[in-house]
Amino acid sequence: MDLYLSGKRALISGASKGIGFASAMLLAEEGCDLILVSRGAEDLERAAATIRARSDVSVQLVPADLSRKAEIERVANEAGVLDILVNNAGAIPPGDLQAVDDALWRSAWDLKVFGYINLTRALYPRLKERQGVIINVIGASGERVVSGYIAGSTGNAALMAFTRALGTAAPRDGVRVVGVNPGPVATDRVEMLLRAQASRQLGDSERWREAFRDMAFGRPAQPEEIANAVAFLASSRSSYTSGTILTIDDPARVST
């Protein structure tokens, strides 16, 4: 299926690995020129080299810490013309109310929650000019709230509300805003979270793979499976979709 994305220009945050990298790879295969944003310049260079070897598109790199307002303004200044924004950067740590102190909670939200909001605000005028699309990669814990991931669950719930609120008004500007809520995905971050869960519940972080045992598919999602949804939602094939969130979670978890 042609997604009619050739010639579009997409900015992906958290683009050096995981879902962000998989989304960048797929958008490049569909013909999108890319702006890749992540904290680590070396990781971005490796990601860009892989993409350039497989797709004949322009790949611009902008190393930046999106938890800082000045960095967001710099990214916006360097972005230029823009059709697609994929907000994906952020890693909120696990822990219950007593384990996540004020400083850790605030720093995590500065990157993911306020990072999404502030980057969207900074780039919205560019997207309005091109009748673009904003895709927020959030997380299923915003729906299935978890006390042991309290900062992440509440942050993701806030981003779900942000997506729905902006997505109801943005079409008047010719902009669509949608979200994707992945459940467990085979990334380094999910391994970290599951290790913490296994340590907390089973007393042994090495038993983290046992979390997959009762899943409907017997495995977590692959980053490419989430990227497929990102690409479709970014395309004109999904042109009547805004203010909604697609959940891609394990069916066994959802039904319990």
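Here are a few things to note about the model shown:
- Scanning the range 110-133 for residues that are surrounded by 21 or more Cβ atoms within 10 Å (Cβ to Cβ) and closer than 17 Å to Ser235 by Cα yields Leu127, Gly132, Val133.
- Options Glu71, Glu42; residue that is surrounded by fewer than 18 Cβ atoms within 10 Å (Cβ to Cβ), outside any loop (DSSP other than H, G, I, E, B) and at pLDDT 95 or above: Glu42
- Complete set of residues in the range 213-223 that are without any contact (Cβ under 8 Å) to a residue 24 or more places away in the chain and of a type outside the set (D, E, K, R): Gly218
- Any hit, the range 58-77, residues being among the basic types (Lys, Arg) and under 25 Å from Phe232 (Cβ atoms): no
- Leu82 vs. criteria touching a strand residue (DSSP E or B) at 6+ places or on another chain (Cβ under 7 Å), assigned to a loop (DSSP other than H, G, I, E, B), at pLDDT 95 or above and buried (at least 19 other Cβ atoms within 10 Å of the Cβ): yes
- From the list Ser107, Ser141, Ser147, Ser58, the lone residue that is without any contact (Cβ under 8 Å) to a residue 60 or more places away in the chain, among the polar types (S, T, N, Q) and crowded, with 18+ Cβ neighbours inside 10 Å is Ser141.
- Unique residue being in contact (Cβ under 8 Å) with a residue 60 or more places away in the chain and either of a type in the set (Ser, Thr, Tyr) or part of a helix (DSSP H, G or I) (or both) when the list is Leu159, Leu119, Leu127: Leu119
- Selected residue (criterion: surrounded by the most Cβ atoms within 10 Å (Cβ to Cβ)) from residues of the range 162-215 that are β-branched (Val, Ile, Thr) and in a strand (DSSP E or B): Val177
- Pairs, first free of Cβ contacts under 8 Å to residues at least 40 places away in the same chain and over 22 Å from Asp65 (Cβ atoms) in the range 19-40, second β-branched (Val, Ile, Thr) and outside any helix (DSSP H, G or I), C-beta under 8 Å, six or more apart: Ala28/Val57; Ala28/Val59; Gly31/Val57; Asp33/Val57; Asp33/Val59
- Tally of residues being part of a helix (DSSP H, G or I), closer than 16 Å to Gly179 by Cβ and either out of contact with any Gly (no Cβ under 6 Å at 6 or more places or on another chain) or of a type outside the set (A, V, I, L, M) (or both) across the range 130-153: 4
- Answer residue from the range 238-252, given it is assigned to a helix (DSSP H, G or I) and surrounded by fewer than 15 Cβ atoms within 10 Å (Cβ to Cβ) and is modelled with the lowest pLDDT among those: Ala252
- Cross-chain or 6+ apart pairs with Cβ under 6 Å, the range 198-212 first and over 13 Å from Gly148 (Cβ atoms), then surrounded by 14 or more Cβ atoms within 10 Å (Cβ to Cβ) and among the hydroxyl-bearing types (Ser, Thr, Tyr): Ser205/Ser199
- Number of the condition not met by Asp102 [criteria: (1) buried (at least 20 other Cβ atoms within 10 Å of the Cβ); (2) free of Cβ contacts under 8 Å to residues at least 60 places away in the same chain]: (1)
- Residues in the range 216-237 that are crowded, with 16+ Cβ neighbours inside 10 Å, outside any strand (DSSP E or B) and at pLDDT below 95: Pro220 alone.
- Flag if Ile138 is modelled with pLDDT under 95 and within 24 Å of Leu246 (Cβ to Cβ): no
- The residue list Ala89, Ala108 contains one member that is more than 18 Å from Gly243 (Cα to Cα), in a loop (DSSP other than H, G, I, E, B) and either among the hydrophobic types (A, V, I, L, M, F, W, C) or over 18 Å from the mean Cα position of the chain (by Cα) (or both), which is Ala89.
The values are calculated or read from the model by the stated rules, or taken from the named source; none is laboratory data. Since the structure is predicted, the reported quantities are computational estimates derived from the model, not experimental observations. A quick note on method: Cβ atoms are made from the backbone with ideal geometry, for glycine too, and the neighbour counts reach across all protein chains shown.
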